[in-house]
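The values are calculated or read from the model by the stated rules, or taken from the named source; none is laboratory data. All figures in this text were calculated on a predicted structure; none of them were measured in a lab. Please note: Cβ atoms are built from the backbone with ideal geometry, for glycine as well, and neighbour counts cover all protein chains shown.
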Amino acid sequence: MDPPLADRMRPARIEDFVGQPHLLGPGKALRRAIESENPHSMILWGPPGTGKTTLARLIAARGGAHFIGLSAVFAGVKDIRAAVDEAMRLRREARRSTVLFVDEVHRFNKAQQDGFLPYVEDGTLTFIGATTENPSFELNKALLSRARVYVLKVLQPGDIRRLIDRALDDRECGLGNLGLDMPEALRDILSVAADGDARRALNLLELAADLAELRGGRLAITEESVQELISGGVRRFDKGGEVFYDQISALHKSVRGSSPDAALYWLARMLDGGCDPLYVARRVVRMASEDIGNADPRGLEIALNAWDVQERLGSPEGELAIAQAIVYLACAPKSNAVYTAFGAAREDVRTGGSLEVPLRLRNAPTGLMKDLGYGGRYRYAHDEPEAYAAGENYFPDELAGKHYYRPVARGLEQKIAERLAHLRDLDKKRGN
């Protein structure tokens, strides 16, 4: 049985590699490392189908090295030990270097990652790891310190289109011998539907070729078959992974940046990828408090209402309510004054020790407590002019005069700022 088209079409030369010009363009670091034929250990980090495995094979081939490939999904310490033994034997017998490629390396635990470190350090192995997850979160510091990280980017539709054209024309490894007729428009549709994943593009193309129909004496890939193949396509979104957190970050920053259109886009992307709408609803409540705050307190109420609708009605009604809340928050005046003030107050609590509550602020439910001065000299605000005890200090005495909350000059907080300024003027007059 023939290997899949995606495997057959792996380029044998670096010159035929498609995409990643920021790494493989003339004079770029990875290109120079490959052309030196003496590569260093590295981590290739990027989305699926961007060429990580292909690059590892090209690096080994260019340097005349023996290639050992492991998948961290299936391999264990025993497999690592066998790879090391093989590399040591080749080093002794043929003075040939070995490239150990570990796909999905983030799935290795600490012991497994540490297992081959000594052999990377002494030159027995050149280690190349591939990962779709952020290496700084998933890999040991010791391993990261011995391997350079290269970030691969998602392929553009133009890159995918070149791969599709090449596969349709190639008679040796591709589909060229079939004489397939595939209109330009369908090639473009498939290029976009692949969503930057070369492997997915070639797998879809191979399936489309299997469904080709005889028309006018030639095998033709039809629009109907292409649309059927791509109809179930879902954009990249790994729940709990790097893409997940990137997208919720983009949603939050779009709301904070007052861009309702971008916020709706990221909401749609997350829901399209299968994100739980209730998770988004909880995050929207956080946005209302953190970024809108008292500039428009209605934002928090609207966010809570959207969460409630999602819980009561589910989708799609709840999703629409969440979208409504997101648009409202994106358009609302912004203030992080409370968020900042709360953080400053917590820092004072953390660093200031257990400061005593002043006696005048303590409750005095017993005679003994009154005799000790609890509640003494307390000024009841409602009995004061404007219901404000001007000049009073409600902090521990050591923090008198401290200010955390600084309202912004936007939305309702502008009125709050004016009110606080007036009260502080009263404090100053009392002090005089």
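If ALA417 satisfies all but one of (1) under 46 Å from the mean Cα position of the chain (by Cα); (2) under 28 Å from GLY293 (Cα atoms); (3) surrounded by fewer than 13 Cβ atoms within 10 Å (Cβ to Cβ); (4) free of Cβ contacts under 8 Å to residues at least 12 places away in the same chain, what's the number of the condition it fails?
Failed condition: (3).
Using the structure shown, decide if GLY376 is closer than 24 Å to ALA281 by Cα, of a type in the set (Gly, Ala, Ser) and outside the structural domain of GLY293 (by TED's automatic domain parsing).
Spelling it out, it is not the case that GLY376 is closer than 24 Å to ALA281 by Cα, of a type in the set (Gly, Ala, Ser) and outside the structural domain of GLY293 (by TED's automatic domain parsing).
Of all residues in the stretch 246-261, count the ones that are polar (S, T, N, Q) and assigned to a helix (DSSP H, G or I).
Within the stretch 246-261, residues that are polar (S, T, N, Q) and assigned to a helix (DSSP H, G or I) number 3.
If you scan the stretch 386-410, which residues turn out to be touching a residue at least 12 places away in the same chain (Cβ under 8 Å) and out of contact with any Pro (no Cβ under 9 Å at 6 or more places or on another chain)?
Once the filter is applied, which keeps residues that are touching a residue at least 12 places away in the same chain (Cβ under 8 Å) and out of contact with any Pro (no Cβ under 9 Å at 6 or more places or on another chain), the stretch 386-410 yields GLU386, TYR388, ALA390, GLY391, GLU392, GLU398, LEU399, LYS402, TYR404, TYR405, ARG406, PRO407.
Quick one: would you say LEU426 is in a helix (DSSP H, G or I), in contact with a Phe, Trp or Tyr (Cβ under 8 Å, 6 or more places away or on another chain) and in contact (Cβ under 8 Å) with a residue 24 or more places away in the chain?
yes
Hey, LEU219 hits all of (1) touching a Leu at 6+ places or on another chain (Cβ under 7 Å); (2) under 25 Å from VAL154 (Cβ atoms); (3) outside any helix (DSSP H, G or I) but one; which does it fall short on?
(2)
Show the residue pairs that are 6+ apart or on different chains and have beta-carbon atoms under 9 Å apart, the first residue being within the stretch 19-40 and farther than 18 Å from ASP159 by Cα, the second being aromatic (Phe, Trp, Tyr) and surrounded by 12 or more Cβ atoms within 10 Å (Cβ to Cβ).
ALA29/TYR150; LEU30/TYR150
Considering only the stretch 52-70, I want to know if a residue exists there that is touching a Gly at 6+ places or on another chain (Cβ under 8 Å) and without any contact (Cβ under 8 Å) to a residue 40 or more places away in the chain.
no
Which condition number in (1) over 36 Å from the mean Cα position of the chain (by Cα); (2) surrounded by 14 or more Cβ atoms within 10 Å (Cβ to Cβ); (3) in a loop (DSSP other than H, G, I, E, B) is the one that GLY373 fails?
(2)
Does the stretch 110-122 include one or more residues that are under 24 Å from ALA61 (Cβ atoms), among the β-branched types (Val, Ile, Thr) and in contact with an Asp or Glu (Cβ under 8 Å, 6 or more places away or on another chain)?
Within the stretch 110-122, none of the residues are under 24 Å from ALA61 (Cβ atoms), among the β-branched types (Val, Ile, Thr) and in contact with an Asp or Glu (Cβ under 8 Å, 6 or more places away or on another chain).
Is at least one residue of the stretch 311-329 at pLDDT 95 or above, of a type in the set (Ser, Thr, Tyr) and more than 22 Å from TYR245 (Cβ to Cβ)?
yes
Of the residues ALA56, ALA33, which single one is in a helix (DSSP H, G or I), at pLDDT below 85 and closer than 25 Å to SER136 by Cα?
ALA33
For ARG379, indicate whether it is surrounded by 12 or more Cβ atoms within 10 Å (Cβ to Cβ), assigned to a loop (DSSP other than H, G, I, E, B), out of contact with any Pro (no Cβ under 7 Å at 6 or more places or on another chain) and basic (Lys, Arg).
Here the answer is yes, as ARG379 does meet what is asked.
Working only within the stretch 243-261, note down all residues that are surrounded by 15 or more Cβ atoms within 10 Å (Cβ to Cβ) and under 8 Å from the mean Cα position of the chain (by Cα).
VAL243, PHE244, GLN247, ILE248
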